[in-house]
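**Student:** Sharing a structure below in structure tokens format, with a few things to ask.
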Amino acid sequence: MTMFTLAELETIVAARARSDDPTSYTAKLAARGLPKAAQKLGEEGVETVIAAISEDDAALTGEAADLLYHLLVVLHLRGLPLASVMEELQRRTAQTGLQEKAARPLAGA
């Protein structure tokens, strides 16, 4: 079985956001604009936290999927490709977080 990727989801989101399909939730959400999509992203973030703390694995899996989907909608509406986010993650993982923090200039110095 091939693994479904976020890049594939990004392609689907972009196609559906541009469509005028009245049955597409993505098209409807995109038509409502960035503020509404960002609001939905925030709601999904909260729901993911709640599921992580007090619900079962299936609930958390579902909420995590909703969160990733809504993030990709927001990125699309901002015109920011997933590749940019992945590049930033790659940059951040080149060293540990503690090493990166230690390399920062001191405040006020």
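Where a number appears in this text, it was derived from the coordinates with a stated rule and is not lab data. A quick note: this is a predicted structure, and the numbers were derived from the prediction, not measured. When we count neighbours, we look across all protein chains shown, and the Cβ atoms used for this are built from the backbone with ideal geometry, even at glycine.
**Student:** Neighbour counts of other C-beta atoms within 10 Å: give me T2, T96, T48 arranged from fewest to most.
**Tutor:** T2, T96, T48
**Student:** Could you give me D for the chain, from Stokes-Einstein at 4 °C and 1.567 mPa s, where the hydrodynamic radius is the Kirkwood radius over C-alpha pairs? Units µm² s⁻¹, please.
**Tutor:** 81
**Student:** Report the local net charge at L68: Lys and Arg +1, Asp and Glu -1, summed over other residues whose C-beta lies under 11 Å from its C-beta.
**Tutor:** -4
**Student:** Could you work out the helix-only [θ] at 222 nm for the chain, with each DSSP H run of four or more residues adding -39,500 (n - 2.57) and the total divided by the number of residues, to the nearest 500 deg cm²/dmol?
**Tutor:** -24000 deg cm²/dmol
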